[in-house]
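Below: one structure, written as structure tokens.
The values are calculated or read from the model by the stated rules, or taken from the named source; none is laboratory data. Because the structure is a prediction, the values reported are computed rather than measured. No Cβ is skipped: glycine too gets one built from the backbone with ideal geometry, and neighbour counts run over all protein chains shown.
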Amino acid sequence: MFGKTFWMALCLTGLAACSSLPDAPATAQLPWRDEIFGWDAGALSMSSDELFRLDPKLRQDLQDPAVQRLSAAKRLDHLVALLYGRALQAFPYAPGHSTPATETWQQKRGDCLSLTVLAYAMARALNMRAQMQEVPVAAQFDRRNSVDFLSRHVNVLLPRSGALGGTGSRLEADDMIIDFEPQIGSNRLGQALTDQDILARYQNNMGAEQLALEQPNAAYAWFKAAILTQPKYEASYANLALLYRRAGLGADAETLLRQAVALNDEDTVALLSLQQLMQEQGRTAEAEAFTHLLQSRRDRDPYHWIALGLKRLQEAQYRESIRALEQAQRMTHGFTEVHRYLALAYWRAGETERAREQLNLLSSLDTDSADVDMLRKKFNDAPTGR
């Protein structure tokens, strides 16, 4: 067991990668330690085809000529009915373990990456335009065996008009997002992901799972596979660096963390890990510089304030929640989750008029949202305030 708490980026549900990334590093020059971790190139593999391969019976259903002849709208209805059932019950969410499409379908559960892979593979079998994407959300953390996991979030965009591949804009009125955590995801476009991008995230997740289970050799193999699959995916470098730190390979860990920051200088996980590493090595001045840099990153990151506001709301610290969410509101436009959480925080703090103002803003942004009706009913049925 390790007494320290380390940080890891797990690609499940955080920050989207930069839309324009630098050139991929030369992976042959990275500090690999195959001999220490018993790496065997042929012992572990997962191809893109294997990840997206559908269950044979499901594929047969999707490729039925009668289904293929349906209009695009009807094929979408068919996909949704298969995923959620005719009663549109939620697909069971299983955090912390990613699975290929076939296994996800057979188990009828999975994390957001698993379910994104399944939905995308189904849409592709139905000859529908679909885009996997990583969407920016408030950071979520999970601690497992002295490792703190920062989760990221992916989902599937099914555009009914317009082109694929956008980022940073709002959806068109007739576009659809298949998202398995609708309260976490948003109605904005994310960073488009290719099959290889998703495969690297799957491999990264598998490495994270193995590290939490204290299986360093398997974790190394998965992290190395993720880097080789997509050398521009910075989280895999930060996570391999975490494994190196736990093995006492501080210099190698620093090299990988600096590579992660070079790929994405907004990667707070890599910056925090560098800060921790320098503190451990007694490099106080350098660690302090990273402390200030991290603080400035958080101060200008609306997702930090959203996450803090939601945390304080859950802790019944309503005034603190309002302050954080109001800061997020000043930094954003069109973020429905900010107005949703602010409405609740105002209501819990006894500010009913301001709560209703937020509901009206939420309604104007998302006219089809069930949240507005649900919150109005909640406010009408419950006593004012706490």
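Brief remarks on what is shown
- Within the range 323-334, being buried (at least 22 other Cβ atoms within 10 Å of the Cβ) and either at pLDDT 90 or above or not in a helix (DSSP H, G or I) (or both) holds for A324, L325.
- Members of the range 83-135 found to be farther than 16 Å from K57 by Cα, outside any loop (DSSP other than H, G, I, E, B) and aliphatic (A, V, I, L, M), listed by number: L113, L115, V117, M132, V135
- Pairing each residue of the range 13-40 that is assigned to a loop (DSSP other than H, G, I, E, B) with any residue that is modelled with pLDDT of 95 or more and β-branched (V, I, T), provided the two are 6+ apart or on different chains, yields C-beta distances under 6 Å for P31/T255.
- Screening A307 with (1) buried (at least 22 other Cβ atoms within 10 Å of the Cβ); (2) not assigned by TED's automatic domain parsing to the domain that holds R33 gives one miss only, at (1).
- Odd one out for A66, checked against (1) in contact with a helix residue (DSSP H, G or I) (Cβ under 7 Å, 6 or more places away or on another chain); (2) loosely packed, with under 11 Cβ neighbours inside 10 Å: (1)
- Looking across the range 34-46 at every residue that is surrounded by 12 or more Cβ atoms within 10 Å (Cβ to Cβ) and within 22 Å of Y202 (Cα to Cα), the one that is nearest to the chain's Cα centre (by Cα) is identified as M46.
- S146 vs. criteria modelled with pLDDT of 85 or more and either touching a Ser or Thr at 6+ places or on another chain (Cβ under 7 Å) or buried (at least 20 other Cβ atoms within 10 Å of the Cβ) (or both): no
- Taking the criterion of being over 10 Å from L263 (Cα atoms), among the small types (G, A, S) and crowded, with 24+ Cβ neighbours inside 10 Å, the residues of the range 222-241 that qualify are A226, S236, A238, A241.
- Residue match in the range 152-163 (condition: modelled with pLDDT under 80, surrounded by fewer than 21 Cβ atoms within 10 Å (Cβ to Cβ) and out of contact with any Asp or Glu (no Cβ under 9 Å at 6 or more places or on another chain)): yes
Residue-wise test of (1) closer than 19 Å to Y202 by Cα; (2) of a type in the set (K, R); (3) at pLDDT below 85.
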site: G85; (1), (2), (3): no, no, yes
site: A94; (1), (2), (3): yes, no, yes
site: Q107; (1), (2), (3): yes, no, no
site: T116; (1), (2), (3): yes, no, no
site: Q131; (1), (2), (3): yes, no, no
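- Close pairs from the range 303-314: first within 16 Å of T336 (Cα to Cα), partner among the aromatic types (F, W, Y), Cβ under 8 Å, at least 6 apart: I306/F335; I306/Y341; G309/Y341; L310/Y341
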